[in-house]
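Student: Quick one: structure below, then a few questions.
Read-outs: derived from the displayed coordinates by stated rules, not from any lab. Fair warning: this is a prediction, and the values are worked out from it, not measured in the lab. With ideal geometry, Cβ positions are generated from the backbone for all residues, glycine too; neighbour counts draw on all protein chains shown.
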Amino acid sequence: MHMHILAHLLEMYLPELDAHLRKLGVCWDMFTSKLVLTLCSSYIPLELLAYIYDVFFMDGWIGLYKIIIAFLGTQQKYLFGKDLCAISEHLRNLKATVTLQEIRTILRKAVDIYIRRDAIEKSIDDFFRSEAEKLLSKSVLSLTIEPIRETTAGPAPTGSC
């Protein structure tokens with residue numbers, strides 16, 4: 001669910017980068033799943049994570065969404081015009097190059113991002129609607145009607161217990 005919400009927010013806040021990735025046939029999940037599942041530790045050096053975790057523990061998931069939007073926003077200039085291989089390589093090597101100054105910039109930008117609660121709620125509704133439709137389509141497709149067969153087993157056994 002968090003990746004779905006984040007993809008929706010990134011589409012809203014980073015539309016040019018979103019369009020570039022769509023043109024490449026890449027979905028946000030390829031990059032954001034690692035950020036969400038590791039609370040950014042996959043791309044941010046350990047000694048700088050305390051700043052990110054402070055925001056997460058104070059503001060919850062919305063705080064993390066803001067940080068990820070700001071983080072990817074600071075990387076836009078490196079990601080535009082690159083193919084999937086170059087984008088992946090850049091992000092993979094990022095952990096070794098992120099500085100305290102860049103973290104401060106990301107945090108300042110994250111503070112300025114306003115995420116409307118109704119945008120989150122709409123994204124959650126879309127996610128659950130999509131998941132329900134998937135489940136319904138699977139159950140309808142796998143539903144087979146078995147013909148009713150008469151049993152010829154004879155009378156039920158009688159006996160003492």
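Student: How long is the gain from I113 to M58 if the chain were fully straight, where each residue apart is worth 0.36 nm and the alpha carbon distance is subtracted?
Tutor: Net length gain for the segment: 18.2 nm.
Student: State which stretch of the chain is the longest one without any exposed chymotrypsin sites (Phe, Trp or Tyr not before Pro), exposure meaning a DSSP loop state and at most 14 other Cβ atoms within 10 Å. Walk me through the numbers before you get to the answer.
Tutor: Numbers: sites that count: F80, Y114.
Within the chain, the longest run free of exposed chymotrypsin sites (Phe, Trp or Tyr not before Pro) spans 1-79.
Student: Could you please rank L46, L17, L37, placing first whichever residue has the fewest other Cβ atoms within 10 Å of its Cβ?
Tutor: So the residues, fewest neighbours to most, are L46, L37, L17.
Student: Using the number of other C-beta atoms within 10 angstrom as an exposure proxy, rank C85, C27, C40 with the fewest first.
Tutor: The fewest-first ordering by Cβ neighbours comes to C85, C27, C40.
Student: Distance between the C-alpha centers of segment 113-131 and segment 58-109? Whole Å please.
Tutor: The distance from the Cα centre of segment 113-131 to that of segment 58-109 comes to 22 Å.
Student: Which FRET efficiency, nearest 0.05, do L24 and A50 yield, Cβ-Cβ r, R0 41 Å?
Tutor: After rounding, the FRET efficiency stands at 0.75.
Student: What ranking do L91, L39 get, fewest neighbouring Cβ atoms within 10 angstrom at the top?
Tutor: L39, L91
Student: Further, regarding this structure: So what's the convex hull volume per residue for the Cα atoms of segment 2-129, in Å³?
Tutor: Details: hull volume 12.8 nm³, N = 128.
Hull volume normalised by residue count: 100 Å³.
Student: How would segment 8-57 be classified by its alpha-carbon gyration tensor: rounded, prolate or oblate, with rounded meaning a/c under 1.5 and the a/b versus b/c comparison settling the rest? Working shown, then result.
Tutor: Details: a/c = 2.90, a/b = 2.12, b/c = 1.36.
Cα axes put segment 8-57 in the prolate bin.
Student: Give the residue list of trypsin sites (Lys or Arg not before Pro) in segment 37-130 that are DSSP loop and have at most 12 other beta-carbon atoms within 10 angstrom. Show your work: numbers first, answer last.
Tutor: Working: sites: K66, K77, K82, R92, K95, R104, R108, K109, R116, R117, K122, R129; in loops: K82, R116.
Loop-located and lightly packed - R116.
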